[in-house]
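The values are calculated or read from the model by the stated rules, or taken from the named source; none is laboratory data. Fair warning: this is a prediction, and the values are worked out from it, not measured in the lab. When we count neighbours, we look across all protein chains shown, and the Cβ atoms used for this are built from the backbone with ideal geometry, even at glycine. Accessible surface is based on the protein model in full, side chains and every heavy atom, while ligands, DNA and RNA are left aside. Shrake-Rupley method; radii C 1.70, N 1.55, O 1.52, S 1.80 Å.
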Amino acid sequence: MSYVDEVLAKVKEKNASEPEFLQAVEEVLNSLRPVIDANEDKYRREALLERICEPERQFKFRVPWVDDKGQVQVNTGYRVQFNSAIGPYKGGLRLHPSVNIGIIKFLGFEQIFKNSLTGLPIGGGKGGSDFDPKGKSDREVMAFCQSFMTELCKYIGADTDVPAGDIGTGAREIGYMFGQYKRIRGLYEGVLTGKGLTYGGSLARTEATGYGLLYLTQELMKDHNESMEGKTVVVSGAGNVAIYAIQKAQQMGAKVVTCSDSTGWIYDPEGIDVDLLKEVKEVKRARLTEYAAARPSAEYHEGRGVWQIKCDIALPCATQNELLIDDAKQLVANGCKAVCEGANMPTTIDATEYLQENGVWFVGGKAANAGGVATSALEMSQNSERLSWTFEEVDAKLQNIMVNIYHNISDAAKRYGFEGNYVVGANIAGFEKVAEAMEAQGVC
């Protein structure tokens, strides 16, 4: 049995109840086979894969808080510090009812390689809670965030572990958490990223993941002698990533005709109105039915359906496992040229393989959506230097990082005989740096 198969068997046995984590490990290790097979004896002796698949530490804790009716509520908090070989742990805090340890481990594992790809000194981590901020008052959200940070603050710090936002964790939540950290620890430091501009946040951070996705997509198209101009784009999601992906795609001359939320989706053949979408989602925190009600050209549909719309480029920007095999078949049948992931692992493995087998240029999330964490690392740099850079400075650095990521993953794929396979290329490029750092630091 090969070393990869040995480790996969061990991971499956040990984490049988964590399907998302197993999916992530299987996808990464299978794509790393050419690298691992070339160094099998050495990696097996060092148990390198076992170490990279096992978090350095993980925390699970109770989060009690009082709602507006005076009722005590109890949620579960998590933080997984996965790998610090190349820098302090870095990864977001997800607040969503679906959160469990398996999902946090999957996200933290992916973060190792995504962070490595940025070229910046940040390790992999992730955290969150099964708390749902939707429908809660500002006071209830503050009560939860303060209780959550009262425990989490014991394990994080500017040079140890720097969390950020994620699904359900926006500027409001980061602000409440930062205030509680400062209050308990008595430190004003860059312990969280995604902060407000008045207290250490970075310009362009809000836009970074969506903009970064488009900078990489544009470079992918350019590498294949195509441009974004005039292309029809379908986007899933209506959160931070989706909104700014839509905005940047339209600035590049493309027409984005869809977006979605947890209850339904919009088809707008005239192109999504970004200002209206921001009003509905960022200001009113409302459903997309309100977008359709205010926009005569828009059609609202219940459930799923974004991927049935004919397009040149598809950008899944919602959540994990949202683009299924039947969706992939529909995209191929409609002539889609490229799929680039704005969310974390939104495409199932069988759908990914189908897209690749049918000539669609596919770039996975650990490369395509790395702009968010890259700009978080730029925020950390500004905090350390006690400086603030202009929007244009941050945006230029972000664009340079994303262009470099594309070429690094493309080159890594070519080196191992997988030209055009950007999933393999991303995993190899991310892994090589982390593996070298782990080996240099001994058994730890």
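Overview of results
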{"quantity": "Some residue of the range 331-338 being more than 29 Å from Arg205 (Cβ to Cβ), in contact (Cβ under 8 Å) with a residue 60 or more places away in the chain and surrounded by 16 or more Cβ atoms within 10 Å (Cβ to Cβ)", "calculated": "yes"}
{"quantity": "Complete set of residues in the range 369-404 that are touching a Ser or Thr at 6+ places or on another chain (Cβ under 7 Å), of a type in the set (A, V, I, L, M) and assigned to a helix (DSSP H, G or I)", "calculated": "Val373, Ala374, Ala377, Leu378, Met380, Val394, Leu398, Ile401"}
{"quantity": "Elements of type strands (runs of 3 or more DSSP E) contained in the range 287-361, each with 3 or more residues being not acidic (Asp, Glu)", "calculated": "313-316, 338-340"}
{"quantity": "Restricting the range 172-188 to residues that are charged (D, E, K, R) and free of Cβ contacts under 8 Å to residues at least 40 places away in the same chain, the residue that is surrounded by the fewest Cβ atoms within 10 Å (Cβ to Cβ)", "calculated": "Arg183"}
{"quantity": "Hits in the range 147-171 (condition: part of a helix (DSSP H, G or I) and open to solvent by 20 Å² or more (accessible area, probe 1.4 Å))", "calculated": "Ser147, Thr150, Glu151, Ala171"}
{"quantity": "Only one of Thr375, Thr390 that is modelled with pLDDT of 95 or more and surrounded by fewer than 16 Cβ atoms within 10 Å (Cβ to Cβ)", "calculated": "Thr390"}
{"quantity": "Check on Phe144, within 22 Å of the chain's Cα centre (by Cα), more than 30 Å from Ser297 (Cα to Cα) and open to solvent by less than 10 Å² (accessible area, probe 1.4 Å)", "calculated": "no"}
{"quantity": "Answer from Thr319, Thr348 - the residue that is of a type in the set (Val, Ile, Thr), modelled with pLDDT under 95, under 11 Å from the mean Cα position of the chain (by Cα) and open to solvent by 10 Å² or more (accessible area, probe 1.4 Å)", "calculated": "Thr319"}
{"quantity": "All positions within the range 268-286 that are open to solvent by less than 30 Å² (accessible area, probe 1.4 Å) and either over 14 Å from Cys311 (Cβ atoms) or not in a loop (DSSP other than H, G, I, E, B) (or both)", "calculated": "Val274, Leu277, Val280, Ala286"}
{"quantity": "Strands (runs of 3 or more DSSP E) wholly inside the range 179-267 that include at least 1 residues being at pLDDT 95 or above, of a type in the set (Phe, Trp, Tyr) and farther than 13 Å from Ile313 by Cα", "calculated": "264-267"}
{"quantity": "Set Arg44, Arg94: member being in contact (Cβ under 8 Å) with a residue 60 or more places away in the chain and of a type in the set (Lys, Arg)", "calculated": "Arg94"}
{"quantity": "Tally of residues being outside any loop (DSSP other than H, G, I, E, B), without any contact (Cβ under 8 Å) to a residue 60 or more places away in the chain and either under 19 Å from the mean Cα position of the chain (by Cα) or within 17 Å of Pro88 (Cβ to Cβ) (or both) across the range 128-141", "calculated": "1"}
{"quantity": "Residue within the range 40-50 that is open to solvent by 30 Å² or more (accessible area, probe 1.4 Å), assigned to a helix (DSSP H, G or I), closer than 22 Å to Gly442 by Cα and of a type in the set (A, V, I, L, M) present", "calculated": "no"}
{"quantity": "Evaluation of Ala171 against (1) at pLDDT 95 or above; (2) out of contact with any helix residue (DSSP H, G or I) (no Cβ under 9 Å at 6 or more places or on another chain) (one fails), failing number", "calculated": "(1)"}
{"quantity": "Glu282 over 19 Å from Gln218 (Cβ atoms) and either under 23 Å from the mean Cα position of the chain (by Cα) or at pLDDT 95 or above (or both)", "calculated": "yes"}
{"quantity": "Unmet criterion (only one of (1) among the small types (Gly, Ala, Ser); (2) within 21 Å of Ile409 (Cα to Cα); (3) open to solvent by 50 Å² or more (accessible area, probe 1.4 Å)) for Gly108", "calculated": "(3)"}
{"quantity": "Residue that is under 13 Å from Lys366 (Cβ atoms) and either open to solvent by less than 80 Å² (accessible area, probe 1.4 Å) or touching a strand residue (DSSP E or B) at 6+ places or on another chain (Cβ under 6 Å) (or both), where the choices are Asn383, Asn427", "calculated": "Asn427"}
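Yes/no per residue for (1) over 23 Å from Ala426 (Cα atoms); (2) modelled with pLDDT of 95 or more:
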| site | (1), (2) |
| --- | --- |
| Glu27 | no, no |
| Lys42 | no, yes |
| Arg45 | yes, yes |
| Leu48 | no, yes |
| Glu54 | no, yes |
| Phe59 | yes, yes |
| Pro64 | yes, yes |
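Residue-wise test of (1) over 19 Å from Leu378 (Cα atoms); (2) assigned to a helix (DSSP H, G or I).
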| residue | (1), (2) |
| --- | --- |
| Gly70 | yes, no |
| Val80 | yes, no |
| Val99 | yes, no |
| Phe106 | yes, yes |
| Ser116 | no, yes |
| Ala143 | yes, yes |
| Glu173 | yes, yes |
